[in-house]
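See structure below.
The values are calculated or read from the model by the stated rules, or taken from the named source; none is laboratory data. Treat the numbers as computed from the prediction; the structure is a model and nothing was measured. Please note: Cβ atoms are built from the backbone with ideal geometry, for glycine as well, and neighbour counts cover all protein chains shown. In case anyone asks, the SASA skips ligands and DNA or RNA and just uses the protein heavy atoms, side chains included. Shrake-Rupley method; radii C 1.70, N 1.55, O 1.52, S 1.80 Å.
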Amino acid sequence: MLSTDAGVVIGSRYVAGGSLAEEWKLHRRLLSGWANFYVNAILGLGVRDATAGYKMWRREVLEKIGLDNVSSSGYSFQVEMNYLCRNAGYKLIEIPIHFEERLSGTSKMSMRVKLESARMPFVLRARGRRKG
């Protein structure tokens, strides 16, 4: 990160060298793939793993974004942070990771979280248009 001008480095499952746990069921693979396609189609982030949670941020980016301005909860938080980073003028870069299945606990992907995640890209795009 120090040798790039990236605002955030994303640990990506979907770039060359990245991979998913073999235990991931087909429906999870399809949902993840669709979510990334959907987010990029609406927001044009230009990253393959827009929903990833493994990230390294520059402090100055987080200060510029102002974490008090983040309105998402749930999984859409990842997308909103990427969007705010890019709109603040910083690059997002991806490096490959191997994504393992969780060892304990359960998914928090409730219907409410799914609906917020589907709605948030449109909210962000509309908010960006008002500023521009």
Does ASN40 satisfy the condition of being closer than 23 Å to ASP5 by Cβ, buried (at least 16 other Cβ atoms within 10 Å of the Cβ) and without any contact (Cβ under 8 Å) to a residue 24 or more places away in the chain?
yes
Contact list please: Cβ distance under 7 Å, first residue in region 84-108 and modelled with pLDDT under 90, second residue aromatic (Phe, Trp, Tyr), pairs at least six apart or on different chains.
GLU101/TRP24
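Just name the residue that is most open to solvent (accessible area, probe 1.4 Å) out of those in region 109-121 that are modelled with pLDDT under 80 and not in a loop (DSSP other than H, G, I, E, B). I'd like the intermediate steps shown before the answer.
First pass over region 109-121, keeping only residues modelled with pLDDT under 80: 109-111, 113-114.
If we keep only those that are not in a loop (DSSP other than H, G, I, E, B) as well, we get 111, 113-114.
Numbers: MET111: 123, VAL113: 17, LYS114: 88 Å².
The qualifying residue most open to solvent (accessible area, probe 1.4 Å) is MET111.
Keeping to region 76-93, report how many residues are buried (at least 18 other Cβ atoms within 10 Å of the Cβ) and outside any helix (DSSP H, G or I). Explain how you work it out, then say what you get.
Within region 76-93, the first condition is being buried (at least 18 other Cβ atoms within 10 Å of the Cβ), and the residues that meet it are 76, 78-86, 90, 92.
Those still in the list that are outside any helix (DSSP H, G or I) too: 90, 92.
Of the residues in that region, 2 qualify.
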For region 52-81, give me each residue that is touching a strand residue (DSSP E or B) at 6+ places or on another chain (Cβ under 6 Å) and either among the acidic types (Asp, Glu) or closer than 29 Å to GLU101 by Cβ (or both).
ALA52, TYR54, LYS55, MET56, TRP57
Name the pairs whose Cβ atoms lie under 6 Å apart, with the first residue in region 13-32 and touching a residue at least 12 places away in the same chain (Cβ under 8 Å), the second open to solvent by 70 Å² or more (accessible area, probe 1.4 Å) and among the acidic types (Asp, Glu), and 6 or more positions between them or separate chains?
ALA21/GLU100
